[in-house]
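For reference, the structure discussed in these notes is given below.
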Amino acid sequence: MGVFKGEVTALPPDKSISHRAALIGSLAEGVTEITNFSAGFDNQSTLGVLRDAGIGIIQEEVAGAYGRPVRKVIVTSRGLWSFIAPQKPLMCNNSGSTMRMFAGILAAQPFESELVGDSSLMKRPMKRIADPLRMMGAMIELSQAGTAPVRIKGDKDLSPIDYRLPVPSAQVKSLVAFAALHADGESRIQEPVRSRDHTELMLGLETLDTPDGQRTIIIQGRKTIPARPFHVPSDPSAACFLVALALLGVGSEIIIRDVCLNPTRVEFIPVLRGAGADITIENSRVIGGECIGDILVRSTVGLNPLVISNRTVVAGVIDELPMLSVLSAFASGEFELHNAEELRTKESDRINAIVVNLERLGFDCEQYPDGFRVIGRRTRPSGTVAVECFDDHRIAMSFAVAARATGEAIELSQTDVVGVSFPNFFDIIDSLTL
């Protein structure tokens, strides 16, 4: 079993904010400077498609906090219609965020374009992005299965839209907002269940909240977006893996610096605190509209089983569910999840991926269309257990944390896949290991 202590100052920059900063920069008039931009594969895919569509992109290393270099990205654009028709399909690799959100911008451009990805991304559902864009006047063509390639015949004269999100999705909300910025008039997006709100904050959009938790986002079309600088804080989804590492590693204590503490992104902290986890927030402050602070976590013996079913909570921890479920299983022997059908449409069918691997490790599980239950551990396999990562970075990291913290003999089918979101994942764990 591992013991982990130390300070983490090199957590990856937030993926969600990095994507949006680059995309908003491509719509702004002037030069947008983004400091601490993510080097992860997904965010580099966003820069790649912007560059291939005519946007000026420069990357360089500059001095950052704690004496380490950070990545600075300079985006140069002339505003909403600065794009040119790409000469080839735009490759999004494994990044669903790139494909879905950039589709909202391309839908308003007066040319044809095509978005493609790797074998995993080409299987993921895209009908949810096509429906609102078609309602606004763009022509969107998908495969017969409703997946990529996403072929777009854009329309410079998109119509405003009043759109109610059928399921919580920050990506769909963002792509509709990006398209609506080009429309001639006011658009509204109704969000029955809150999802991450970086797009609204970064664009300064007007929002209306109701007592029952619903939110309406209001977008005024065809207004100039002035270029402004962005600073990307550390990724809370990446922090979750190190939080789990400390909780599982008896005698461990880790402090993680400068993490994005946006309430729509750190729902996993109150979830874990409710189960008895020793987690403290320090040095909280606001930078660029986003709350940032340090997370101090100490190992916790006797963590209560996690039961997650509230739709708002599920939406708030959707990216952290693989780690939360594996943590709960190893800490308590139990876990239960409902209302998380969205988890089946990520980089892999994460419900199935988690269950398959937990069963290999001797856990009894029940799988449902919208979740699963870990009932207990019937046996501990002898020898090394092969864990299938399904080309999914979060599956790989979740079981890697369990292996390092508990001493379980686990062999991952893939390790390089963690570079999608957390390139220095193993290096940080090594630096914390006593």
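The values are calculated or read from the model by the stated rules, or taken from the named source; none is laboratory data. In this text, all values refer to a predicted model and were calculated from it rather than measured experimentally. Don't worry about glycine lacking a Cβ; one is built from the backbone with ideal geometry, like all the others, and counts go over all protein chains shown. Quick note on the areas: whole protein, heavy atoms, side chains included, nothing else; ligands and nucleic acids left out. Shrake-Rupley method; radii C 1.70, N 1.55, O 1.52, S 1.80 Å.
Within the range 345-368, being open to solvent by less than 10 Å² (accessible area, probe 1.4 Å) and of a type in the set (Val, Ile, Thr) holds for ILE351, ILE354, VAL355.
Taking residues in the range 249-270 that are aromatic (Phe, Trp, Tyr), and partners anywhere that are open to solvent by less than 10 Å² (accessible area, probe 1.4 Å) and modelled with pLDDT of 95 or more, the pairs with Cβ atoms closer than 6 Å and at least 6 places apart or on different chains are PHE268/CYS240; PHE268/VAL317; PHE268/GLU320.
Considering only residues of the range 382-415 that are of a type in the set (A, V, I, L, M, F, W, C) and not in a helix (DSSP H, G or I), which is farthest from PHE330 (Cα to Cα)? Applying the filter and picking the extreme gives PHE390.
Restricting the search to the range 330-339, which residues are open to solvent by less than 30 Å² (accessible area, probe 1.4 Å) and either within 29 Å of THR147 (Cβ to Cβ) or among the hydroxyl-bearing types (Ser, Thr, Tyr) (or both)?
Once the filter is applied, which keeps residues that are open to solvent by less than 30 Å² (accessible area, probe 1.4 Å) and either within 29 Å of THR147 (Cβ to Cβ) or among the hydroxyl-bearing types (Ser, Thr, Tyr) (or both), the range 330-339 yields only LEU337.
Per the conditions (1) touching a residue at least 24 places away in the same chain (Cβ under 8 Å); (2) open to solvent by less than 30 Å² (accessible area, probe 1.4 Å), the sole criterion not satisfied by GLU200 is (1). Taking first residues from the range 357-371 that are on the phi > 0 side of the Ramachandran plot and partners that are open to solvent by 40 Å² or more (accessible area, probe 1.4 Å) and assigned to a strand (DSSP E or B), the Cβ contacts under 7 Å between residues at least 6 apart in sequence or on separate chains come to GLY362/ARG377. Does the range 97-108 include one or more residues that are of a type in the set (S, T, N, Q), part of a strand (DSSP E or B) and either closer than 21 Å to ASP197 by Cα or touching a Pro at 6+ places or on another chain (Cβ under 9 Å) (or both)? Checked against the condition, which is being of a type in the set (S, T, N, Q), part of a strand (DSSP E or B) and either closer than 21 Å to ASP197 by Cα or touching a Pro at 6+ places or on another chain (Cβ under 9 Å) (or both), the range 97-108 yields no hits at all. Within the range 36-73, restricting attention to residues that are at pLDDT below 95 and of a type in the set (Ser, Thr, Tyr), the residue that is farthest from the chain's Cα centre (by Cα) is TYR66. Is it fair to say GLU342 is at pLDDT below 95 and open to solvent by 20 Å² or more (accessible area, probe 1.4 Å)? So GLU342 passes the test.
Could you please let me know if ARG257 is more than 24 Å from ARG394 (Cβ to Cβ) and basic (Lys, Arg)? The answer is no for ARG257. Of all residues in the range 46-74, those being closer than 21 Å to PRO86 by Cα and touching a residue at least 60 places away in the same chain (Cβ under 8 Å) number 2.
Among the residues in the range 319-328, are any hydrophobic (A, V, I, L, M, F, W, C), assigned to a strand (DSSP E or B) and buried (at least 18 other Cβ atoms within 10 Å of the Cβ)?
no
Out of the range 237-275, which residues are part of a loop (DSSP other than H, G, I, E, B), open to solvent by 10 Å² or more (accessible area, probe 1.4 Å) and more than 16 Å from LEU324 (Cβ to Cβ)? Answer for the range 237-275, where residues must be part of a loop (DSSP other than H, G, I, E, B), open to solvent by 10 Å² or more (accessible area, probe 1.4 Å) and more than 16 Å from LEU324 (Cβ to Cβ): VAL250, GLY251, LEU261, PRO263, THR264.
Taking the range 369-381 as the range and being part of a strand (DSSP E or B), surrounded by fewer than 17 Cβ atoms within 10 Å (Cβ to Cβ) and out of contact with any Asp or Glu (no Cβ under 7 Å at 6 or more places or on another chain) as the test, only ARG377 passes. Of everything in the range 288-297 that is more than 17 Å from THR9 (Cα to Cα) and out of contact with any Leu (no Cβ under 6 Å at 6 or more places or on another chain), the residue that is least open to solvent (accessible area, probe 1.4 Å) is GLU290. Within the range 132-160, residues that are closer than 15 Å to PHE102 by Cβ and open to solvent by less than 30 Å² (accessible area, probe 1.4 Å) have Cβ atoms under 6 Å from residues that are assigned to a loop (DSSP other than H, G, I, E, B) and polar (S, T, N, Q) in these pairs: GLY154/GLN109, counting only partners at least 6 apart in sequence or on another chain.
Please indicate, with yes or no, whether at least one residue in the range 390-407 is of a type in the set (Lys, Arg), more than 25 Å from GLU253 (Cα to Cα) and open to solvent by 50 Å² or more (accessible area, probe 1.4 Å).
no
For the range 87-115, what are the residues that are open to solvent by 20 Å² or more (accessible area, probe 1.4 Å) and of a type outside the set (Ser, Thr, Tyr)? Correct list: GLN87, LYS88, PRO89, MET91, ASN93, PRO110, PHE111, GLU112, GLU114.
If I ask for residues that are under 20 Å from the mean Cα position of the chain (by Cα), more than 10 Å from ILE217 (Cα to Cα) and part of a helix (DSSP H, G or I), which ones from the range 163-198 would you list? Those that are under 20 Å from the mean Cα position of the chain (by Cα), more than 10 Å from ILE217 (Cα to Cα) and part of a helix (DSSP H, G or I): ALA170, GLN171, VAL172, SER174, LEU175, VAL176, PHE178, HIS198.
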